[in-house]
Amino acid sequence: MAEPIALVGCKSPGQEAEYLGILSAAMPEERLIPFRAMGEADRAAARVAVVANPDPAEVAALPGLVWVQSLWAGVEKLVGAFDRPLPIVRLVDREMARTMAEAVLAWTYYLQRDMPAYARQQSARIWKPHPYRKPADTTVGLLGLGALGTAAADRLLGAGFTVVGWSRSPKAVPGIESFHGSTGLPEMLGRCDILVCLIPLTPETRGLVDAGCLSALKPGAALINFARGPIVVAGDLCAALDSGHLSHAVLDVFDQEPLPADSPLWSHPGITVLPHVSGPTDMESAAATVAANLRDYRRTGQPPQGVDAARGY
């Protein structure tokens with residue numbers, strides 16, 4: 001009998017049962033066991049953990065692990081959390097990229113077509129059409145040109161938007177002008193009518209979108225953050241909105257989630273709050289990806305390519 005695969009980090013018994021059922025159906029040859037149901041022998045025998053935003057202490061309680069497969073694209077809680085090198089494999093899934101690109105396009109349209117202004121006018125019973133702005137006259141900047149950023153660029157280009165992008169190192173994405181490094185960031189920001197944040201959270205990107213970054217955007221620009229909350233300095237964002245330099249922000253991620261009921265972000269007139277829904281994991285698709293990774297591991301004995309611990313992704 002193959003050693004067990006640990007399932008770690010589900011938020012509730014219902015989610016655990018759902019994930020266990022879908023993953024088991026995708027890889028019936030494997031023996032998946034929820035972490036809480038594992039005895040000492042099973043925990044010692046586990047070589048692989050499939051994790052859903054887990055407590056790193058539970059992963060560390062599996063001493064024989066060879067690698068960790070995340071069901072999320074973000075793995076910042078796990079990078080550097082262990083006292084030994086442990087490959088951590090992000091979920092790279094076409095369905096997640098498609099869903100995120102769909103959300104980027106939807107909320108870009110929301111801003112391009114002045115929906116926040118019309119919502120305010122409805123509350124005040126004001127009938128006032130605004131001039132139409134073509135997608136081609138709207139420049140969308142993508143902060144991050146990985147799998148999600150590339151998929152979003154494709155969707156935006158297909159809708160007629162002008163797209164620019166920034167990444168840490170040089171990247172060529174068909175159809176867009178790309179910038180990189182610390183010198184390229186201000187130049188890219190100065191082009192943006194809408195900035196979309198899609199970069200992973202690392203020590204280098206924590207607080208990246210601060211007062212300096214926001215001030216480099218065009219006057220009247222807007223922000224969409226679909227990455228991680230701590231990348232954007234919330235106080236600096238509110239100040240930029242209050243001053244009128246920014247027109248609106250769509251936030252799907254926050255420093256603390258769920259967003260506390262007493263957070264001023266809920267009631268800020270320049271902010272749309274979403275409950276972390278822009279790029280949900282599609283479990284059917286994710287399970288197929290995980291199953292393929294596990295089968296390759298069983299065949300070759302080599303874990304999949306993990307994140308670069310130094311870079312954080």
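The values are calculated or read from the model by the stated rules, or taken from the named source; none is laboratory data. Because the structure is a prediction, the values reported are computed rather than measured. Reconstructed Cβ throughout: ideal geometry from the backbone, glycine too, with neighbour counts over all protein chains shown. SASA here: full protein model, heavy atoms, side chains in, ligands and nucleic acids out. Shrake-Rupley method; radii C 1.70, N 1.55, O 1.52, S 1.80 Å.
Whole number in Å², please: accessible area per residue of the chain, 1.4 Å probe, ligands, DNA and RNA not counted. In whole numbers, the chain has 48 Å² accessible per residue.
Here is the P(r) of segment 39-185: all C-alpha pair distances, binned every 5 Å from 0, give 2, 8, 14, 13, 12, 12, 11, 9, 8, 5, 4, 2, 1, 0 in whole percents.
Expressed as a whole percent, the accessible area of the chain that falls on carbon and sulfur atoms is 54 (1.4 Å probe).
With one equal scatterer per alpha carbon and no solvent term, the Debye-computed log10 I(q)/I(0) for segment 75-139 at 0.14 1/Å reads -0.67. Label separation (residue 37 vs residue 24): 0.6 nm, computed from points 7 Å beyond Cα along the C-beta direction. Take 101-114, 179-192 and order them by the average number of nearby Cβ atoms within 10 Å per residue, most first; the result is 101-114, 179-192.
Around residue 118, what is the net charge, scoring Lys/Arg as +1 and Asp/Glu as -1 over all other residues with Cβ under 15 Å from its Cβ? Around residue 118, the surrounding residues sum to +4. The distance between label points at residue 133 and residue 81 comes to 4.0 nm (points 7 Å beyond Cα on the Cα→Cβ vector).
Span-like helix criteria (full DSSP H runs; alpha carbon extent of at least 15 Å along the helix axis; mean Kyte-Doolittle hydropathy of at least -0.5) are satisfied in the chain by 13-26, 94-112, 147-158, 283-300. Could you tell me what % of all Cα pairs in segment 96-273 have separations over 30 Å? Every Cα pair in segment 96-273 considered, those over 30 Å come to 13 percent. Name the shape class, rounded, prolate or oblate, that the alpha-carbon gyration tensor gives for segment 200-281, where a ≥ b ≥ c are the square roots of its eigenvalues, rounded holds for a/c under 1.5, and otherwise prolate holds if a/b is larger than b/c and oblate otherwise. Because a/c hits 1.5 or more and a/b fails to exceed b/c, segment 200-281 counts as oblate.
Helical content alone sets the calculated 222 nm signal of the chain at -10500 deg cm²/dmol, taking -39,500 (n - 2.57) per DSSP H segment of four or more residues and averaging over every residue. The modelled label-to-label distance for the pair residue 115/residue 53, using points 7 Å beyond Cα in the direction of Cβ, is 2.3 nm.
Here the chain is treated with +1 on each Lys and Arg Cβ and -1 on each Asp and Glu Cβ, and its dipole about the Cα centre works out to around 620 debye.
Dipole magnitude for segment 105-234: computed about the Cα centre from +1 point charges on Lys and Arg Cβ and -1 point charges on Asp and Glu Cβ, it is near 400 debye.
Scaled to the globular estimate 2.2 N^0.38 Å, the Cα spread of segment 131-178, given as radius of gyration, is 1.12. Over all distinct Cα-Cα pairs of the chain, the Kirkwood formula returns a hydrodynamic radius of 21.0 Å. Let me check I've understood the local charge: for residue 189, count other residues with C-beta under 14 angstrom from its C-beta, Lys and Arg +1, Asp and Glu -1. What total comes out? Summing Lys and Arg as +1 and Asp and Glu as -1 gives -3.
Converting the Cα gyration tensor eigenvalues of segment 1-111 into ellipsoid dimensions via √(5λ) gives semi-axes, longest first, of 28, 17, 12 Å.
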